[in-house]
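First the structure, in the form of structure tokens, and then the observations on it.
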Amino acid sequence: MDINLNNRNYYNNRELSWLMFNYRVLEESMDTSNPLLERLKFLAITASNLDEFYMVRVGGLKDQEFVEYNVPENKTQLTAHEQLIEISKLNKKNCVDAYEQFHKLMDELSEYNIHFTRPDKLPESLKSELESTFDSEIFPTLTPLGIDAYRSFPKLMNKKINIYVNLSNDTSEEIAIVQLPSVLKRFYEFRERGNTYIVMTEDIIEKFVYKLFNGYTIDRTFSFRITRNADQTLHEEGALDMLVEIERFLKEREKGVAVRLEIDVSKYKKINGSFLRNSLFLTKEDVFKYDGPLDLTFLFELVSRYKNELKNLLFKPFYPQVPKFLGQQNIYDLALERDIFLHHPYESFQPVVDFIEQASLDPDVYAIKQTLYRVSNDSPIIQALKKSSANGKQVTVLVELKARFDEENNVQWAKELEDAGCHVIYGMNYLKTHSKITLVVKKVRDQLVSFVHLSTGNYNDSTAKLYTDMGIITTDKKISKDAINFFNYLSGYSNKPQYESLLVAPYEIQDKLVEFIDREIEHQKKQGNGYIFAKMNALTDKRLIKKLLQASIAGVKIDLMIRGICCLRPNIEGVSDNITVRSIVGRFLEHSRIYYFGNGGEEEIYLSSADMMTRNMLKRVEIMFPVVDKNIQEEVKELIDIFLKDNVKTRIGQSDGTYKYIETTGKKFNSQEELLKRALKNTALLHLDNANISID
């Protein structure tokens with residue numbers, strides 16, 4: 001019987017699946033096995049994630065709706081308008097839970113004598129200090145904006161807190177808005193008798209806002225916040241200088257139309273916000289009312305403020321360990337003998353930095369080529385590249401200017417690298433270069449040898465402490481040749497190379513994955529041993545989803561480990577009942593991509609910068625690279641087993657698109673904790689080995 005694989009019931013909507021992922025992050029703030037300050041951070045992360053979701057994904061849907069683009073998306077067949085309605089419904093439910101959790105966490109924090117409170121509930125002895133703080137630190141920075149026939153509704157900044165003021169005198173009723181200036185702190189602390197009281201800045205302003213409006217009575221105040229569409233179009237065609245075009249684009253993005261209105265209704269429950277909604281051209285679905293302070297990302301600052309005095313409320317510190325496959329050996333010497341595997345953050349990112357820094361100082365290094373997508377604010381890799389150029393090496397760097405929300409940083413890095421004498425490429429027309437690759441050409445015993453680093457994650461020493469990623473340093477001749485051709489393709493004019501070992505998107509990775517899945521179907525038919533394991537951030541590409549469904553129908557066992565969006569619904573009888581979808585959300589952000597194919601016993605393993613998303617397959621320059629070294633293959637297989645054993649931080653995808661924790665009565669197994677222990681054990685064994693001590 002033929003099965004219609006276009007049936008909408010076999011798919012999850014991309015945007016709703018993302019909201020479900022963000023709820024899994026919210027669940028981490030509810031998990032009492034996480035320390036209190038860490039739970040506050042998880043709550044802040046959900047708020048930060050949601051801001052970007054509205055600026056980009058909802059912004060894009062709003063654009064479609066505005067131009068009356070009614071073509072349904074290709075999986076669940078929902079139009080832009082239908083998606084916006086469903087997003088609003090699900091997100092309003094999620095936000096109720098988020099604010100309930102916020103108040104629970106604030107109650108817990110009060111047990112440590114840190115009290116989240118309003119001005120009126122401060123101890124009487126602190127109220128004069130509160131007013132003095134307003135008069136000296138806050139009042140001089142404020143600008144009241146009246147709204148009437150002569151003063152139109154102001155152009156309010158994206159994501160900033162505003163105070164809405166209803167005021168009156170004997171002759172009229174008026175409306176004004178007061179925006180919190182960026183120079184102000186988000187909250188103030190007041191101390192008395194061993195207690196600390198946290199008061200939000202907007203609450204202080206509301207308390208004393210009458211001082212801005214002499215002769216008027218303040219009838220009502222509440223805070224609100226708008227989110228603007230950041231899904232702007234970058235005009236690449238005809239751009240003479242992408243640096244200039246990106247800078248223009250960044251200015252335009254700040255002016256996007258409003259897509260969300262948030263209102264704090266904790267003081268006045270019956271606020272409808274109709275005046276604001278109409279002024280911003282929003283619908284009821286775009287308005288969110290919260291029982292608490294807006295923009296919970298302020299919790300990052302709160303945690304940072306108390307992390308030293310409340311260290312016991314944070315995760316126990318962990319320091320990335322010496323890589324198992326490197327030990328204390330020199331990277332370049334060892335890479336001549338065998339491939340080196342790196343697994344961050346369990347293992348240190350420093351060897352990747354050393355890889356560039358050593359090259360910058362080595363007189364035998366002739367050239368360094370690297371792609372940069374996101375880097376840290378004080379990147380040691382950037383400094384090493386600049387040093388390399390100063391030392392006379394040929395340095396070529398592709399800085400992807402279109403890395404969303406990192407455009408401004410990347411423009412600055414591009415300018416600095418150019419000023420240092422590096423050859424800088426800005427990316428490719430209509431494609432984002434998301435690949436993570438470095439090529440170092442070095443003279444070894446009178447021959448030029450290419451050393452290549454390939455990774456699933458960015459060259460960012462900061463996020464490498466928080467994101468799980470994998471990388472390999474190799475001198476494999478096929479990969480080296482491919483790396484040289486890859487950089488020549490990016491920097492010059494030539495047709496796309498025929499790669500021997502690497503798989504490079506657009507198109508090639510998708511085509512090859514389809515081929516690999518078909519091969520597993522054939523193995524299943526002939527030997528009954530078809531198997532696929534795939535770990536990624538998101539699965540949205542319909543061509544690949546349909547191919548996975550075909551494999552499931554043929555009997556291939558498929559384990560998918562997808563942290564975020566998953567548009568495939570598992571466990572549908574006769575369709576996807578051979579597919580298990582797992583999502584691990586925990587202390588570290590799961591970011592590594594692994595693609596494993598049983599291949600009838602001749603297993604193949606690939607790592608990649610690419611998820612199974614249409615944008616990665618067709619609209620980005622991505623690399624999928626093979627794990628060739630047998631020892632590294634065994635290591636990755638062990639890691640896969642560890643991921644699959646997790647029954648603490650794993651949620652299992654259901655056939656209706658929801659997720660549930662694994663129910664277990666046996667021993668609990670947290671994969672991230674296990675990998676932390678494993679890294680410490682490997683370092684201990686390394687030290688014993690170096691000391692020539694044998695152990696059983």
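Read-outs: derived from the displayed coordinates by stated rules, not from any lab. On a predicted model such as this, the values are computed, not experimentally measured, just so you know. With ideal geometry, Cβ positions are generated from the backbone for all residues, glycine too; neighbour counts draw on all protein chains shown.
Tell me, what is the percent relative contact order of the range 115-313, built from C-alpha pairs under 8 Å that lie six or more residues apart?
On the way: 275 pairs, mean separation 37.2, N = 199.
Worked out over the range 115-313, it gives 19 percent.
Applying 1/(1 + (r/R0)^6) with R0 = 60 Å to the Cβ-Cβ distance of Glu638 and Lys211, what FRET efficiency is obtained, to the nearest 0.05?
Given R0 = 60 Å and the Cβ-Cβ separation, E is 0.35.
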- the range 42-94-the range 600-630 distance, computed between alpha-carbon centres (Å): 29 Å
- Taking 0.36 nm per residue of separation and subtracting the Cα-Cα distance, what length does fully extending Thr32 through Val244 add? 71.4 nm
- List the residues of the range 472-486 whose backbone N lies under 19 Å from a point placed 7 Å from the Cα of Asn631 along the Cα-to-Cβ direction. 472-477
- Could you please report the charge total around Lys526, scoring K, R as +1 and D, E as -1 over all other residues with beta-carbon less than 12 angstrom from its beta-carbon? 0
- Message: Could you tell me the center-to-center distance, by alpha carbons, between the range 509-548 and the range 654-684 in angstrom?
- Response: 25 Å
- Query: Ordered by residue, what ³J(HN,Hα) values in Hz, to whole numbers, does the range 67-76 give under the Karplus form 6.51 cos²θ - 1.76 cosθ + 1.60, where θ = phi - 60° and Gly and Pro are x?
  - Reply: 8, 6, 7, 9, 6, x, 5, 7, 10, 8
- What whole number of Å gives the distance from the Cα centroid of the range 101-151 to the Cα centroid of the range 307-344? 44 Å
- Message: Using Cβ contacts closer than 10 Å as the measure, can you line up Ile263, Ile175 from fewest to most?
- Response: Ile175, Ile263
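What does the charge dipole of the range 114-232 about its Cα centre add up to, to the nearest 20 debye, if the Cβ of each Lys and Arg holds +1 and the Cβ of each Asp and Glu holds -1?
Numbers: 16 positive and 17 negative charges, 109 e Å.
Here the size comes out at about 520 debye.
Between Glu129 and Lys667, what's the calculated FRET efficiency when r is the beta-carbon distance and R0 is 41 Å? Round to 0.05.
Numbers: r = 53 Å, r/R0 = 1.30.
Using R0 = 41 Å, I get an efficiency of 0.15.
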- Note on the structure: Largest first and rounded to whole Å, the semi-axes √(5λ) derived from the alpha carbon gyration tensor of the range 557-696 read 30, 21, 15
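Which loop-located trypsin sites (Lys or Arg not before Pro) does the range 103-186 contain, where loop means any DSSP state but H, G, I, E or B and the Cβ has at most 10 other Cβ atoms within 10 Å?
Taking the range 103-186 and a limit of 10 other Cβ atoms within 10 Å, the loop trypsin sites (Lys or Arg not before Pro) found are Lys155.
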- Task: Could you tell me which of the pairs Lys41/Lys546; Lys62/Lys512; Lys402/Lys436; Lys436/Lys465 are separated by over 26 angstrom between their Cα atoms in the structure shown?
- Result: Lys41/Lys546; Lys62/Lys512
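Relative contact order for the range 504-690 using alpha-carbon pairs under 8 Å, separation at least 6, rounded to a whole percent? Show your work: numbers first, answer last.
Values: 339 pairs, mean separation 41.0, N = 187.
Normalised by residue count, the contact order of the range 504-690 is 22 percent.
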- Item | Global geometry of the range 633-675, whether rounded, prolate or oblate, following the gyration tensor of its Cα atoms and the 1.5 cut on a/c | oblate
- Please check which bits of the range 401-429 a label hung off Lys496 would reach, taking the label as a point 7 Å along Cα-to-C-beta and the cut-off as backbone N under 16 Å. 428-429
- Note on the structure: If the chain between Phe139 and Glu301 were fully extended at 0.36 nm per residue, the gain over the current Cα-Cα distance would be 56.1 nm
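If you take the beta carbon distance between Arg220 and Lys160 as r and set R0 to 22 Å, what does 1/(1 + (r/R0)^6) give as a FRET efficiency, to the nearest 0.05? Provide the component values of the computation, followed by the final result.
Working: r = 21 Å, r/R0 = 0.94.
The computed FRET efficiency comes out at 0.60.
Would you work out the relative contact order for the chain, in percent, from Cα pairs under 8 angstrom that are 6 or more residues apart?
Values: 1258 pairs, mean separation 80.6, N = 696.
Normalised by residue count, the contact order of the chain is 12 percent.
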- Item | DSSP-loop GluC sites (Glu not before Pro) across the range 609-668, with at most 12 other Cβ within 10 angstrom | Glu663
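Determine the shape class of the range 115-313: with a ≥ b ≥ c the square roots of the Cα gyration tensor eigenvalues, call it rounded for a/c under 1.5, and otherwise prolate if a/b is greater than b/c, oblate otherwise. Please list the in-between numbers first.
Values: a/c = 2.00, a/b = 1.27, b/c = 1.57.
Oblate shape, in that a/c is at least 1.5 and b/c is the bigger or equal ratio.
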- Query: Pairing the Cα long axis of helix 124-133 with the longest principal axis of the chain, what angle in degrees results, from 0 to 90 and rounded to the nearest 10?
  - Reply: 80 degrees
- Item | Gain on full stretching of the segment that runs from Asp362 to Leu310 - 0.36 nm per residue minus C-alpha separation | 14.2 nm
- Task: Divide by every residue of the chain the summed helix terms, -39500 (n - 2.57) for each DSSP H run of at least 4, and state the resulting mean residue ellipticity at 222 nm, rounded to the nearest 500 deg cm²/dmol.
- Result: -11500 deg cm²/dmol
- Take each of the peptides 437-443, 573-579, average the number of other beta-carbon atoms within 10 Å over its residues, and list them starting from the highest. 437-443, 573-579
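For Glu515, Glu400, which order do you get if you count the other beta carbons within 10 Å of each Cβ and list the fewest first? Walk me through the numbers on the way to the answer.
Details: Glu515 10, Glu400 25.
Lowest count first: Glu515, Glu400.
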- Query: What chymotrypsin sites (Phe, Trp or Tyr not before Pro) does the range 1-110 have in DSSP loop regions with at most 13 other beta carbons within 10 Å?
  - Reply: Tyr69
- Message: Tell me the label only: which of [x] 28.2, 82; [y] 29.3, 108; [z] 27.5, 92 is Rg and Dmax of the Cα atoms in Å as calculated from this structure?
- Response: [z]
